[in-house]
Each structure stands twice: as structure tokens, then as C-alpha cells.
Amino acid sequence: MSVQLDEIRHAVARLHTELTRYSLVAWTAGNVSARVPGEDLMVIKPSGVDYDDLTPDAMIVCDLDGVVVSGDLAPSSDTAAHAYVYREMPEVGGVVHTHSTYASAWAARGEAIPCVLTAMADEFGGEIPVGPFALIGNDDIGKGIVSTLRGHRSPAVLMRNHGVFTIGADARAAVKAAVMCEDVARTVHLARTLGPPIPIATTDIDALHDRYRTVYGQRPRP
Ligand SMILES: [Zn+2]
């Protein structure tokens, strides 16, 4: 096994602990995958395995048609959706799926989460959009994710009546988007129980999003 592939197995296994740490998943629902850079491969969680048992060796390597290349177990039942995203969006290096509570409550009502928090403008660049209703079993979920997120600044989509899919340049970024999506879904829900949230002007959303992408966080000093 290549060193790169081994590192990605470790990273994907470890990132699953973030889903439980942030209470984004119940039982064995939810999954993280990562593209293997330079190869038409992805690493994804096995189906129906307890989170405590998700070791690097338990991770499944698939090609980008979702066919298992290496691994003893069946891959996540969402593998086809992840694979479709990697095929259609070459800039995506990581995909996450959860049924996190508050975000899925918005998905159940088919309502986009409006951009009423600066943290949303930062991370999502606007509202978190809703994707179409789609049954599992073919490429419909993948198509719904791609058609909603392509050309959209949000790395998260609320698939109607289902849950959240997030994308990122790598798997960690996609996990971060899933954590932040649930966080703002909860806060905006609470805000609405108190009264109508106040929208943020588009120009301010643009300024916040731009600053967050270019200035926020640790950067090398010149
Ligand atoms: Zn699901």
C-alpha cells in the first residue's frame, strides 16, 4: 500500500471521531470520504460498523465508480453519492454526509437556512441551499448534490427530507463544514423561535466571506 493511501486511511478513520465528538451522528449513520490525489480512488467508511471500530484498516478503498478496490467490508451505502461528486467536481477532495439534528430538521421542511449570522457569511457565503428529494440506490443523490453546489459558495447542501452533504478541498474541510452547518442550523432555528431573524446585506455577506477566505486563521508570515 502506498504511503499516501495509508495516510488517507488514517485521516479518514480519525475524522469519523469528529462526527461523534460534535454529536452529528446517531448509531452508524454518517460517513466521511477522501479522494486519493492523483489517482481515481477514494477512501470511505465501511457500511454499518460502530464508530468505535472504525480503524484505518477498516476503511474501504473504492474507485470513482464506487467499486471496491481494497477492504474486507462493504462500503458505506452512500458510496455512489460520494463517488459521483468526485467524478463531477475535480476540485473536491473530501465529502461528508450526516443526518445531524437541526440541519436535517431544515431539510425535512425543504427550507434553506437563511444567512443571518456573520459565521454563515464567513463559512457558507450565503444561505445553505436545499437539494432535491432523491432515493438512494443510483446517482440521483449525487446529481442533486452536484447540481445544487456547483457554482454555489456554500460547501453544504440540505438534501430534502434527508440530511446534509458537505464538500471540501480535503476531508477535514468537509467535516468542518458539516460541524458548522449543524451549528448555524441550531442557532438560526433558535433565533426564529424568538422572532424573525434579520437578514445580512449581500454586500456585507460578500465582504465577510472574502475576508474569511483570505485573512482568517494562521498564515505564513512574509
Ligand atoms: Zn443519509
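Shown in residue order for region 113-130 are the 3J(HN,Hα) couplings computed by the Karplus curve 6.51 cos²θ - 1.76 cosθ + 1.60 at θ = phi - 60°: 7, x, 7, 10, 9, 4, 4, 5, 4, 4, 7, 10, x, x, 5, 9, x, 9 Hz (x for Gly and Pro). Altogether, the Stokes-Einstein calculation at 4 °C and 1.567 mPa s, with the Kirkwood radius of region 165-213 over Cα pairs as Rh, returns a diffusion coefficient of 103 µm²/s. Normalising the Debye intensity of the chain to I(0), with uniform scatterers on Cα atoms only, and taking log10 at q = 0.14 Å⁻¹ returns -0.83.
DSSP finds beta bridges in region 76-222, and of those with both partners inside it, around 75 percent are antiparallel.
Region 28-99: D in µm²/s via Stokes-Einstein (Kirkwood Rh, Cα pairs, 25 °C, 0.890 mPa s)?
On the way: Rh = 11.9 Å.
Stokes-Einstein gives a translational diffusion coefficient of 206 µm²/s.
Take every Cα-Cα pair in region 88-195 and report what % of them are more than 24 Å apart.
Numbers: 862 of 5778 pairs.
Result: 15 percent of Cα pairs exceed 24 Å.
Taking amide H positions as modeled 1.01 Å from N, with prolines and chain starts lacking one, the residues under 5 Å from G131 and 5 or more places away or on another chain are L158, M159, R160.
What the phi angles of region 9-15 give under the Karplus curve with 6.51, -1.76 and 1.60, with θ = phi - 60°, is a coupling list of 4, 5, 5, 5, 4, 5, 5 Hz, glycine and proline written as x.
With N set to the residue count of region 1-133, report its C-alpha Rg divided by 2.2 N^0.38 Å to two decimal places.
Values: Rg = 15.6 Å, N = 133, 2.2 N^0.38 = 14.1 Å.
Rounded to two decimals, the normalised Rg is 1.10.
With semi-axes defined as the square roots of five times the eigenvalues of the C-alpha gyration tensor, the equivalent ellipsoid of region 15-63 measures 21, 11, 9 Å, largest first. Computed on protein heavy atoms with a 1.4 Å probe, the accessible areas place F165, F133 in the order F133, F165, largest first.
Per-residue packing, averaged as other Cβ atoms within 10 Å, sorts the ranges 18-24, 179-185, 33-39 into the order 179-185, 33-39, 18-24, beginning with the highest.
For the chain, calculate the relative contact order in percent as a whole number, restricting contacts to Cα pairs under 8 Å that are 6 or more residues apart. It would help to have the intermediate numbers written out before the result.
On the way: 447 pairs, mean separation 44.2, N = 222.
Once divided by the residue count of the chain, the mean separation gives 20 percent.
Over the chain, DSSP H runs of length four or greater, each weighted -39,500 (n - 2.57), average out per residue to a 222 nm ellipticity of -13000 deg cm²/dmol.
For region 141-199, what D do you get in µm² per second when you plug the Kirkwood radius from alpha-carbon pairs into Stokes-Einstein at 10 °C and 1.306 mPa s? Rounded, D is 126 µm²/s. Counting only protein heavy atoms and a 1.4 Å probe, the chain has 49 square angstrom of accessible area per residue.
When all protein chains stay in place and ligands, DNA and RNA are ignored, the 1.4 Å accessible-area order of D210, D40, D52, largest first, is D52, D40, D210. Here's how it looks for G168: its modeled amide H is under 5 Å from those of G93, G94, A174, which are all 5 or more places away or on a different chain. Shown in residue order for region 142-152 are the 3J(HN,Hα) couplings computed by the Karplus curve 6.51 cos²θ - 1.76 cosθ + 1.60 at θ = phi - 60°: x, 4, x, 5, 5, 5, 7, 8, 5, x, 9 Hz (x for Gly and Pro).
Among the protein heavy atoms of the chain, carbon and sulfur supply 53% of the accessible surface, probe 1.4 Å, non-protein parts ignored.
The values are calculated or read from the model by the stated rules, or taken from the named source; none is laboratory data. This structure is a prediction, so every number in the text was calculated from the model and none was measured. Cβ coordinates were reconstructed from backbone atoms using ideal geometry, including for glycine residues, and neighbour counts include every protein chain displayed. When the accessible area is computed, the model is the full protein with side chains, heavy atoms only, and any ligands, DNA or RNA have been set aside. Shrake-Rupley method; radii C 1.70, N 1.55, O 1.52, S 1.80 Å.
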